[in-house]
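The values are calculated or read from the model by the stated rules, or taken from the named source; none is laboratory data. Being a predicted model, the structure only gives us computed values, none of them experimental. Positions of Cβ are generated from backbone atoms using ideal geometry, with glycine treated the same way; all protein chains shown enter the neighbour counts. Heavy atoms of the whole protein, side chains included, go into the accessibility calculation; ligands, DNA and RNA do not. Shrake-Rupley method; radii C 1.70, N 1.55, O 1.52, S 1.80 Å.
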Amino acid sequence: MKKRITALFLASVMVFQTGCSATVAMDENGKVTVDGVPIEELAEQFGVLGGDKQEEQADEDGQEVSPEEDETAKKARGGKPWIDSDIKSNISEDLKTDPKDDFHLYANKEWLLDNEIPEGYYDWSHYTERGLEVKKQCMELLKDESIEGHDAKLLRTYNSLILDWDTRGKLGVSEIEDTYKRLLGIESIDDVNDLYEEKEMLNKIDTFFGYEATTGFNDPDLYVIGIYTPALLLDDSAEYKDRTEYGDMLYGFGKDAFVYMAKRMGMPEDDAVKCYEDAIDFEAKLAEGIYTTKETKQDDYISKINNEMTYEDLTDHCKNFPIGRILDIDGYSYDGSYLVIRPDYFNLLDDLYTDENIDGIKACLIVNYLLGYKGSIDKDSYDHSNEIRNKYFGTSGSLPDDEMAYNRVNGALPTSMQKVFISKYGSKEDKQKMEDLCREVIDTYREMLEENDWISDEARETVIKKLDNMTIHAAYPDKFRDTSNIDIEGCSLIEAQRRLREYEKEYNRSLIGKKIDKEMWAENFDILSCNAFYDWTQNTINMIIGMMGEPFYSNDMSTEELYASIGAFWVGHEISHAFDSNGAQFDENGNLRNWWTGEDEEEFKKRVRKMDDYLDGIIAFGDEHFIGTNIDTEMVADMTGLQCALRMASKVEGFDYDKFFKKYAQMNGCLGVYSEELSTLKQDEHPLEYARTNVPVQQFEEFYETYDVKEGDNMYLAPQDRLIIW
């Protein structure tokens with residue numbers, strides 16, 4: 001991945017793609033969004049992973065580190081060599097910079113001082129700059145009445161509904177009252193079962209599990225039905241046993257948001273507080289059967305969640321909970337495979353689904369229902385959601401209305417938005433150039449792998465076969481799904497949302513048991529985001545149109561800039577994911593098959609453990625250390641991408657390494673609020689941005705020669721301590 005994604009609601013969901021950049025913000029509902037898409041809508045596509053401190057992981061991994069070895073490692077890495085310059089208050093005009101001491105700060109100081117985090121954002125970076133450029137183009141398209149066609153009209157209609165504060169204000173909570181009252185009237189499990197018997201209700205209320213047509217691991221070309229554990233109010237199931245500072249933020253935000261909405265519905269404040277706490281208490285019981293973010297970071301996670309079973313096997317897990325009826329009524333029962341992320345969760349859910357727990361079950365249903373509307377009812381709810389977001393997460397203000405509306409439009413109608421954008425801004429010339437650049441990087445990877453001195457001939461042959469079989473997707477696909485049957489004319493915003501949810505579900509149902517259409521390769525990804533990703537199950541690298549702009553890509557970039565960006569930062573990074581601890585579990589066709597030999601795998605893990613030890617010793621900010629096992633796959637990708645680009649550079653006469661390294665560092669320029677830094681450190685697979693510059697560059701001799709880095713400098717790492725993986 002290229003950019004961290006705030007870890008909310010995704011820890012229990014399978015990762016089918018390794019994406020690399022995202023713009024994280026809050027929408028007017030107070031919900032976290034990734035590139036404008038509500039995080040819940042991405043929950044079945046991405047896994048945001050996290051973990052705890054390395055000391056605990058070392059015990060579980062069975063890796064013994066002697067005191068002597070640990071002390072040697074500490075001397076090599078030096079504790080706190082760099083400040084967290086992602087936090088603007090840590091830097092000032094008079095702060096001296098030196099490439100030998102903190103290269104990231106040296107290359108980015110001017111940008112960091114000249115920029116601020118805009119209102120409504122958690123962070124500001126070149127990713128968000130590029131993302132905002134695309135947004136502005138899209139917002140202009142939303143206003144352009146001259147653009148004809150169903151998709152353009154659909155986008156304008158939905159945009160108008162979002163911006164019509166007057167109508168939304170007049171309707172208020174009227175459209176959600178009936179469902180709320182029915183939830184409020186629950187007195188027994190039979191009452192809940194009655195609600196689950198109504199198909200329309202299944203699109204409105206929590207079912208304590210998720211389900212969708214999705215590609216499997218054993219046959220990545222076939223759609224099966226994925227069965228997921230639910231999202232939790234506190235994100236990570238570990239938070240219910242040992243609440244962290246970030247967990248406190250989530251708890252406070254959710255509580256205040258719910259109490260506001262409950263009072264809008266007429267619930268006394270004391271009752272609302274109790275309802276929220278009852279929901280948390282019941283989720284604590286469910287959390288016992290949900291993987292922690294730490295567990296999702298382990299190498300065996302994919303094998304653990306690869307549980308295919310029949311409908312009969314799945315429903316046998318539940319005698320009380322009506323999982324079979326829910327799937328039947330909603331059109332998700334069939335005679336094929338169900339990919340069940342954690343079967344024992346459903347044994348636990350079944351045990352808890354009793355009248356003895358009805359207060360907690362009822363509370364969860366009410367809390368999740370009302371929180372789904374916490375910022376979308378009217379202007380007052382929108383403003384209040386922003387206020388409590390700012391209170392708990394350290395952000396400020398709110399997004400401009402037109403940007404807020406675009407985020408929601410793109411989140412609800414991504415295919416229509418992409419088709420309209422490409423018709424205006426798509427370039428076959430740029431598409432072809434990106435494909436050619438990808439091939440150049442792949443060719444360089446092949447050279448690296450052929451000359452690798454630790455991998456066996458058997459594994460090398462498999463690795464190169466996977467590389468040669470890798471498919472390049474550049475800019476945008478030539479085929480999209482049909483959206484002609486979407487109709488939101490003449491309805492309110494909430495009714496439009498209901499219709500769009502039903503359209504998505506109908507489309508998803510239509511995929512069950514079918515083969516994937518590989519021409520529609522961007523079906524589950526926003527190609528307008530500033531991002532790129534590697535897909536394990538399809539063995540594809542995807543360099544999308546959203547990232548194809550300044551400062552990452554342009555037709556007039558110098559060779560040095562192009563190699564720093566496309567060579568190292570984007571394509572080189574992505575290809576590495578095919579061979580990391582996750583990618584190595586899939587073969588050249590995307591099938592789940594570990595192709596390592598025993599010795600090769602142990603050597604790879606040995607090198608990664610050395611990296612983890614190094615990262616664990618570095619203080620990120622305050623007293624908080626980096627957590628190597630959280631971020632090693634992304635750091636390996638950063639390093640290997642840089643290694644690839646430097647190999648490309650070695651073939652260019654008169655190559656300007658100073659220009660190259662500065663460009664590489666400048667693309668990592670980022671400012672973040674404290675809550676974002678804390679979330680990233682604890683929950684995300686991506687390192688903090690300043691570390692994504694400093695750690696990779698200090699592994700390569702070209703950096704030392706360019707800046708005359710010597711022993712005693714903060715950027716110095718002794719040759720025997722350097723961390724070359726491939």
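In table form, for the structure just shown:
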| read-out | value |
| --- | --- |
| Residue list for the range 516-547, filter: part of a loop (DSSP other than H, G, I, E, B) and of a type in the set (D, E, K, R) | ASP517, LYS518, GLU519, GLU523, ASP526 |
| Filtered residues of the range 174-190 (kept if surrounded by fewer than 17 Cβ atoms within 10 Å (Cβ to Cβ) and either without any contact (Cβ under 8 Å) to a residue 40 or more places away in the chain or among the β-branched types (Val, Ile, Thr) (or both)) | SER174, ASP178, LYS181, GLY185, ASP190 |
| Answer residue from the range 197-219, given it is outside any loop (DSSP other than H, G, I, E, B) and within 24 Å of ALA496 (Cα to Cα) and is most open to solvent (accessible area, probe 1.4 Å) among those | GLU200 |
| Among (1) part of a helix (DSSP H, G or I); (2) more than 30 Å from LYS274 (Cβ to Cβ) - the single one TYR251 does not satisfy | (2) |
| Some residue of the range 509-525 being open to solvent by less than 30 Å² (accessible area, probe 1.4 Å), over 29 Å from VAL695 (Cα atoms), of a type in the set (S, T, N, Q) and over 23 Å from the mean Cα position of the chain (by Cα) | no |
| So GLY490, is it surrounded by fewer than 18 Cβ atoms within 10 Å (Cβ to Cβ), without any contact (Cβ under 8 Å) to a residue 12 or more places away in the chain and either touching an Asp or Glu at 6+ places or on another chain (Cβ under 7 Å) or over 21 Å from ASP430 (Cα atoms) (or both) | yes |
| Residue pairs meeting the criteria (Cβ under 8 Å; at least 6 apart or on separate chains; first part of a helix (DSSP H, G or I), in the range 397-420; second of a type in the set (Ser, Thr, Tyr) and open to solvent by 10 Å² or more (accessible area, probe 1.4 Å)) | MET404/SER398; GLN418/TYR476 |
| Criterion: modelled with pLDDT under 95, part of a helix (DSSP H, G or I) and either open to solvent by 90 Å² or more (accessible area, probe 1.4 Å) or among the β-branched types (Val, Ile, Thr) (or both) - qualifying residue of GLU41, GLU110, GLU64 | GLU41 |
| Number of the condition not met by GLN666 [criteria: (1) within 23 Å of the chain's Cα centre (by Cα); (2) open to solvent by 60 Å² or more (accessible area, probe 1.4 Å); (3) within 27 Å of THR540 (Cβ to Cβ); (4) not charged (D, E, K, R)] | (3) |
| Within the range 320-345, considering residues that are among the acidic types (Asp, Glu) and open to solvent by 50 Å² or more (accessible area, probe 1.4 Å), the one nearest to TYR196 (Cα to Cα) | ASP328 |
| In the range 132-159, the residues that are more than 20 Å from GLY546 (Cβ to Cβ), open to solvent by less than 80 Å² (accessible area, probe 1.4 Å) and part of a helix (DSSP H, G or I) | HIS150, LEU154, ARG156, THR157, TYR158 |
| Filter result (under 30 Å from the mean Cα position of the chain (by Cα) and polar (S, T, N, Q)) within the range 619-658 | THR629, ASN630, THR633, THR640, GLN643 |
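Per-residue answers, yes or no, for (1) in a loop (DSSP other than H, G, I, E, B); (2) touching a Phe, Trp or Tyr at 6+ places or on another chain (Cβ under 7 Å); (3) among the hydroxyl-bearing types (Ser, Thr, Tyr):
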residue: GLY549; (1), (2), (3): yes, no, no
residue: TYR563; (1), (2), (3): no, yes, yes
residue: HIS573; (1), (2), (3): no, no, no
residue: ALA578; (1), (2), (3): no, yes, no
residue: ALA584; (1), (2), (3): no, yes, no
residue: GLU599; (1), (2), (3): no, no, no
residue: LYS605; (1), (2), (3): no, no, no
residue: ARG609; (1), (2), (3): no, no, no
residue: ASP613; (1), (2), (3): no, no, no
